[in-house]
């Protein structure tokens, strides 16, 4: 294995293990902020050492050991600095004096990740802060990636996450799975977090790759665990169905060189029919037994796409109707963008472009590359290549995803070449 491939394997493993180890350390230590700091130090140490020394036989135990050692060292330093020799400090030190060896088994399982998920969606936090903190702790997203998902500056998001950790520490609430009533109160934030983690994994906001399968797979794993915990909740089922129906297309979304392939050009024989069947069954049952919700409707849209054997068989009027209901349920500019695309397929590009004009006054999306990308697509369909080229180029300049940038640049270049060819033919 080459050094580069070893580093890639280590990075993938660390992202997978991070929330599990954080859950175990936070459960034992009781201080979320201190546990996160210690685990981050352990991850940094592993990233520096493992590519050279090899991955240890028990990597999770190694991380757990190093994180606990970091907390122990910090505690020793703090006790020395403050000269705490009273009974309370002695009791705390006695509890933390023992650190398990590097190869010790760690009491970590999927439940710890789920507890961590609910812990981050804490009642002391605003919904936005809870979601941001969970994306950082459970999803492993960087502050920049989270800021991009929330459409806010990175500095603003960094402050939000820092305040969230301080609020959890000050609350004194123990690290444990909340009761049924508390779970219900936090569920909306938990679902939103899993949705954002999956989206970042399925279409990465920055970097050379379109996918981060570690994130999308972790989101699906946690959604399955959440459904096992809450089997009768329609929105939990809807979110899991949405993930499965979307992830079913992953193999067809990129070409041999990692280039983006849009939905209407994908080889549908590469779609995972097992995931599609599972997702359709989930959303069909949820829609027939539970109040209609945001994630169920999105899953229904995905099911309509996935059940079409050919792109021309897609039931666009049904998709347009579903997005119409979604717009009434949620003030989400990205839903409005998708609604406009569906409107173009049913009523034509001019009607869709009129719908997009409203979004120019929405600060959450005005200037976002997706708005330009959709406008470029609609102008291309309307037979206005000059405007399409301008919007494709503007979108390419604004996106931080390399595959999306390359795709948009290619669209603009092909249209420009076609225009030049037509002009040359007319002059001849």
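Values for this structure:
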quantity	calculated
Single match in 132, 147, 164 (criterion: part of a helix (DSSP H, G or I), without any contact (Cβ under 8 Å) to a residue 12 or more places away in the chain and touching a helix residue (DSSP H, G or I) at 6+ places or on another chain (Cβ under 6 Å))	147
Residue in region 264-279 that is part of a loop (DSSP other than H, G, I, E, B) and either closer than 20 Å to residue 191 by Cβ or modelled with pLDDT under 95 (or both) present	no
Condition met for residue 398 (assigned by TED's automatic domain parsing to the domain that holds residue 413, under 12 Å from residue 412 (Cβ atoms) and touching a helix residue (DSSP H, G or I) at 6+ places or on another chain (Cβ under 7 Å))	no
Sole exception among (1) more than 21 Å from the chain's Cα centre (by Cα); (2) surrounded by 13 or more Cβ atoms within 10 Å (Cβ to Cβ); (3) assigned by TED's automatic domain parsing to the domain that holds residue 245 for residue 288, by number	(2)
Members of region 269-288 found to be farther than 21 Å from residue 221 by Cα and touching a helix residue (DSSP H, G or I) at 6+ places or on another chain (Cβ under 7 Å), listed by number	270, 287
Failed item in (1) farther than 15 Å from residue 238 by Cβ; (2) exposed (fewer than 15 other Cβ atoms within 10 Å of the Cβ); (3) without any contact (Cβ under 8 Å) to a residue 40 or more places away in the chain, with residue 271 passing the rest	(2)
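The values are calculated or read from the model by the stated rules, or taken from the named source; none is laboratory data. Keep in mind that this is a model prediction, so the values were computed, not measured. No Cβ is skipped: glycine too gets one built from the backbone with ideal geometry, and neighbour counts run over all protein chains shown.
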